[in-house]
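Please treat every number below as a calculation from the coordinates, not as lab data. Keep in mind it's a predicted model, so treat the numbers as computed, not measured. Methodologically, a virtual Cβ is constructed for each residue, glycine included, from the backbone with ideal geometry; neighbour enumeration extends over all protein chains shown.
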Amino acid sequence: MRSRFIVVALLGLVGAFLFVDGTNALVTGSYFEADGEVDRWLEIFAQMPLAPDGITLKILHVVAGTMAMLAAFTIAAGWGAVAWWLGVTASLLVLWFLPWGTLAGAVSILVLSLPGPRLAILGR
């Protein structure tokens, strides 16, 4: 039960932030900044063909956030195998968001892959 709460809290918080940050970027054109600096994840995308300030990445923010919140909801609601698969998929999807998404995604994947929590979420 505690493991379910950990995954729901991590995916829910990271998902909510990604959704709000992505929506803010779509509306205003810029992401939230801490101390005048945008997060480290932008450095990853600056080296790829995806433009860090492009619409594709902003939509990815919103989609990843929505998926993580949906996964948190389905796990909390006890939807069994659907919840487990959504949880794993959302955890993989938020790994790129350094450092908090990486931490939340890695911990969620670890917890979801442990036999006890996995069986509890799957309803067995």
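Projecting the Cα atoms of Ala46, Ile121, Trp96 onto the dipole axis of the chain, where Lys and Arg carry +1 and Asp and Glu carry -1 at the beta carbon, places Ile121 farthest toward the positive end.
Of the residues Thr66, Thr74, the one with the fewest other Cβ atoms within 10 Å heads the list, and the complete ranking is Thr66, Thr74. Note on Trp85 and Ala16: the model spin-label points, each 7 Å out from Cα along the C-beta direction, lie 2.8 nm apart.
Taking 0.36 nm per intervening residue step and subtracting the Cα-Cα distance, what contour gain separates Ala77 from Ile44 on full extension? Numbers along the way, then the final one.
Numbers: separation 33, 0.36 × 33 = 11.88 nm, distance 3.47 nm.
8.4 nm is the gain from fully extending Ala77 to Ile44.
Which shape class applies to the chain: rounded if a/c is under 1.5, otherwise prolate when a/b exceeds b/c and oblate if not, where a ≥ b ≥ c are the square roots of the Cα gyration tensor eigenvalues? Prolate.
Using the Cβ-Cβ distance between Ile55 and Val107 with R0 set to 41 Å, the FRET efficiency from 1/(1 + (r/R0)^6) comes to roughly 0.85.
With a ≥ b ≥ c taken as the square roots of the eigenvalues of the C-alpha gyration tensor of segment 60-124, please select rounded if a/c is under 1.5 and otherwise prolate if a/b is larger than b/c or oblate if it is not? Cα axes put segment 60-124 in the oblate bin. By the helix-only formula, in which each DSSP H run with n ≥ 4 contributes -39500 (n - 2.57) and the sum is divided by residues, the chain has a 222 nm mean residue ellipticity of -24000 deg cm²/dmol.
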